[in-house]
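Report on one structure; see the data block that follows.
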Amino acid sequence: MLLYSSLSLLLLLIAFKLFLQTKPRHKHLPPSPPSLPILGHLHLVKRPLHRYFHRLSQTYGQVFSLRFGSRLVVVVSSPSAVEECFTKNDVIFANRPRSLAGKYFGYNHTTVVSAPYGDHWRNLRRISALEILSTNRLNMFTSIRRDEVKHLLRKLSRNSSQDFAKVKLKSLFSELTFNIIMRMVAGKRYYGYGESVKGEKEAKQFREIMKESVAISGESNPGQFLPMLRWIDYGGLEKRMMGVSKRMDEFMQGLIDEKRGKEGNTMIDHLLSLQRSQPEYYTDQIIKGLIRVLLFAGTETSAVTLEWAMSSLLNHPNVMKRAKIELDNEIGQEKLIDELDISKLQYLQGIVSETLRLYPAAPMLVPHMSSNDCTVEGYDISRDTMLLVNAWALHRDPKVWDDPKSFKPERFEGDKGKTHKLMSFGLGRRACPGEGLAYRTIGLTLASLIQCFEWKRVSEEEVDMAEGNGTTLPKAVPLEAMCKAHPIVHKVLSESKHDD
């Protein structure tokens, strides 16, 4: 009995020693709210995410952690932590977490947005930067952006020649940005009616697909963190996403097939010419992936930024007046503003920057994922941790910005250094390569609207600046405004024979 007890005790001691040796060292994780088993903090999450995370940061600090099911998530809204993530740890955080959207809309995580960091992603990034969104390539499409802005001005002027007319700007901005991208990509307009849209049936099909795609990509997906829900396709999200993605793929393939073997100046034409010399890399799927990214990242983001900018100007008529004076002094009323003129308009550029600061189209940057263990602000971050950056909170941090909640474009005057504090287009290796295109589209459109029209609110009440739910920070109440055409509209637009 004594021998048996001694052996049992010895085995217990050996087991305990082995346990201590194999037990991982205590990790110094960022602070976290109490969580539930299995769910973690999923039951606590509320929309809009950027405001919810900002409230949590007031209690747990600007670097805190959450559990989304079994996945550890770290949320940062501290300038020093963000700098550490995208300088010292930039390569580690250059990965993306896998998702349903990445699987179905990102061709199984092979697009420039969703692909894991590596040779394939570097090639896609090079193509995006040099072949699609380079300064030279954007310059080639200057006339498209100018023409589409003229379409917008013409549409606005139809009922506002003699007196103020009410206009719904949200839909007009969406049509503008989609037409710009699709004309660059395939040489086609899909929004508007009449002679300017060739093939109304095709255009209608495209509009329906894009509307469904944008809606479904913004839906929350708890199955991403709880495999059990994924197995049963909770809410039927995967099935719906698969269907929309298939329709989108077939549509894109049709555009490519239509262009194959022909000469042209669109992005598809250029990519097909590269396909002829490097068929093993420039596959149809790669081309379709590049087009999808342009459509998803380059349309609604610019449209919603224009809507926030005009809303802010209507609520700050003194800012609108100062921008108009700058335009009159630098450009005058004899010619329409051109893209090259934007560099002369420092105050207008400040309006765009201030809009991006207060209302970033991606308030929570596209998620990153750690490929290795690292430390941030002294906290241990393990491999496969999802990193979420709250750009909205950083842009309103009183330690970084004076009077951060106020709309003050003049804060960017004479201090170019302030623009680098903006992170509307992300940071580090995975920053958005479309920043140049966005600034050109937004700057030209905004300047044209101020130059060509007098604007005022629909009523004496200020424009409602409440945010809606969505990944691109939409306004809760779509913008309506009153506009009256200046004489320059008739003078300049009468030179153009087009009519949509």
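Results, tabulated for the structure shown:
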item: Residue-span extension gain [Lys321 to His28] - 0.36 nm each, minus C-alpha spacing; result: 100.2 nm
item: Per residue Cα convex hull volume in Å³ - calculated over the stretch 153-311; result: 156
item: Pairwise label distance in nanometres, Arg98 with Met465, each label 7 Å out on the Cα-Cβ vector; result: 4.3
item: Vicinal HN-Hα couplings computed from phi for the stretch 126-134 (Karplus, 6.51 cos²θ - 1.76 cosθ + 1.60; Hz; Gly/Pro x); result: 5, 4, 4, 6, 9, 9, 10, 10, 5
item: Point-charge dipole on Cβ atoms (K/R +1, D/E -1) for the chain, about Cα centre, debye to 20; result: 960
item: Kirkwood-based shape ratio for the stretch 384-500, expressed as Rg/Rh from alpha carbons; result: 1.02
item: The stretch 151-212 and the stretch 55-114: distance between their alpha carbon centers, rounded to Å; result: 35
item: Residues whose placed amide H lies under 5 Å from that of Val376, excluding near-sequence neighbours; result: Ile381
item: Alpha-carbon Debye profile of the chain, log10 I(q)/I(0) at 0.07, 0.09, 0.11, 0.12 Å⁻¹; result: -0.43, -0.68, -1.00, -1.18
item: Of Lys246/Lys288; Lys166/Lys204; Lys166/Lys324; Lys150/Lys475; Lys88/Lys405; Lys168/Lys201, pairs whose Cα-Cα distance is over 23 Å; result: Lys166/Lys204; Lys150/Lys475; Lys88/Lys405; Lys168/Lys201
item: Protection proxy ranking, peptides 385-391, 182-188, 264-270, average beta carbon neighbours within 10 Å, highest first; result: 385-391, 182-188, 264-270
item: In nm, spacing of pseudo-spin labels at Thr283 and Met140 (7 Å Cα→C-beta vector); result: 2.5
item: Cβ-based charge dipole, the chain, positive-most Cα from Thr355, Ser343, Gly434; result: Gly434
item: ³J(HN,Hα), Karplus 6.51/-1.76/1.60, whole Hz, each residue of the stretch 109-123, x for Gly, Pro; result: 6, 10, 8, 5, 7, 9, 5, x, 5, x, 4, 4, 5, 4, 5
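All of the numbers you see were taken from the coordinates with simple rules; none came from a lab. Keep in mind that what you see is a predicted model, and the values were worked out from it rather than measured. FYI the Cβ positions are ideal-geometry reconstructions off the backbone, even for glycines, and counts take in every protein chain you see.
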